[in-house]
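Comments concern the structure below.
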Amino acid sequence: MNKPLPPGKSGKVFLVGAGPGDVELLTLKAARLLAAADVVLIDDLAGSEVLALCPQARVVHVGKRGGCTSTAQAFIEKLLVREAQAGHQVVRLKGGDVSLFGRASEEIAVLEAAGIEFEIVPGVTAGLAAAATVKSSLTHRDHAHGVAFITAHGAEGAEIPWQALAQSALTLVVYMGVARVASLQASLLEGGLAADTPVLAVENASRANSRTVCSMVGAMVEDFATQSLRSPAVLVVGESMRARAEQLAQSAAATGFDVEGMRRVL
């Protein structure tokens, strides 16, 4: 049972990035905080393997997955405040990195308003894990001088500047794009991105069941459907991926995949 701190003294909340799934990519600081936590609020994408690091903690599953029943954000925020006010050391464990598409800004605002002490502990985001999985760099001095991390699943009515992104020459790392691949493809093509621009889609980056689908912007709807690509998956789009995509396609020549079209499943 969790023991509260002395009266009048609040606990603390740690917003911790669990990384992309491989427990060995968890930071040492995150592991230390889990080992000392009273309460752990864990997302689905954080992976259950990390729970072995906090056997003493009360674990609350607060998953938020597209197309599934999700825990209400308001409930999560109230729980964070309540547990901290009870004197507990609380770890809010998020898949990937805390600051990327994890609604951390909303939780920060609530904690600040309640006067709760908190700390942010970064984690390895899935976009970096995806690049590592395909053994490629997200930047290239000849083709891409920067990277844009984008979610294809914004708030209701949110406008994403796809035309500007398509013309930016940045490597585009798209999260939550599988379910909206048709509209994503149309937006990128309408924005001016060439149909033969390479796309490497990495499913379950860093996990044992990871796989990669190699495609192009103009073919990714068909390829993702043919290969039954599923979430969670990260799409890496841009010229910085061309050399790696061509290498993957060449290595697949004997399998019957379309080498010229750079379509390959690993």
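The values are calculated or read from the model by the stated rules, or taken from the named source; none is laboratory data. Here the structure is a predicted model, which is why all the values come from computation and not from measurement. Neighbour counts run over all protein chains shown; Cβ positions are idealised from the backbone, glycine included.
A few comments on the model shown:
- So Leu172, is it in contact with a Phe, Trp or Tyr (Cβ under 6 Å, 6 or more places away or on another chain), surrounded by 13 or more Cβ atoms within 10 Å (Cβ to Cβ) and touching a residue at least 40 places away in the same chain (Cβ under 8 Å): no
- Of the residues in region 156-164, at least one is at pLDDT 90 or above and more than 16 Å from the chain's Cα centre (by Cα).
- Residue that is farthest from His145 (Cα to Cα), among those in region 178-197 that are touching a Ser or Thr at 6+ places or on another chain (Cβ under 8 Å) and outside any helix (DSSP H, G or I): Ala179
- Considering Leu33, Leu15, Leu26, Leu45, the condition of being more than 16 Å from Gln89 (Cβ to Cβ), in contact (Cβ under 8 Å) with a residue 40 or more places away in the chain and touching a strand residue (DSSP E or B) at 6+ places or on another chain (Cβ under 6 Å) is satisfied by Leu26 alone.
- Close pairs from region 239-259: first over 21 Å from Arg141 (Cα atoms), partner surrounded by fewer than 17 Cβ atoms within 10 Å (Cβ to Cβ) and at pLDDT 55 or above, Cβ under 6 Å, at least 6 apart: Val259/Ala253
- Within region 72-108, the residues that satisfy the criterion of being touching a Pro at 6+ places or on another chain (Cβ under 9 Å), closer than 16 Å to Phe149 by Cα and crowded, with 18+ Cβ neighbours inside 10 Å are Gly95, Gly96, Asp97, Val98.
- Options Ala132, Ala166; residue that is surrounded by 15 or more Cβ atoms within 10 Å (Cβ to Cβ) and touching a residue at least 40 places away in the same chain (Cβ under 8 Å): Ala132
- Number of residues in region 216-254 that are in a helix (DSSP H, G or I) and buried (at least 22 other Cβ atoms within 10 Å of the Cβ) equals 7.
- Residue satisfying all of: in region 112-129; over 13 Å from the mean Cα position of the chain (by Cα) and assigned to a loop (DSSP other than H, G, I, E, B); surrounded by the most Cβ atoms within 10 Å (Cβ to Cβ) among these: Ile116
- The strands (runs of 3 or more DSSP E) falling completely within region 9-101 that include 3 or more residues that are closer than 22 Å to Ser206 by Cα map to 12-17, 89-94.
- Matching entry among Val110, Val50 (being within 26 Å of Ala208 (Cα to Cα) and in contact (Cβ under 8 Å) with a residue 24 or more places away in the chain): Val50
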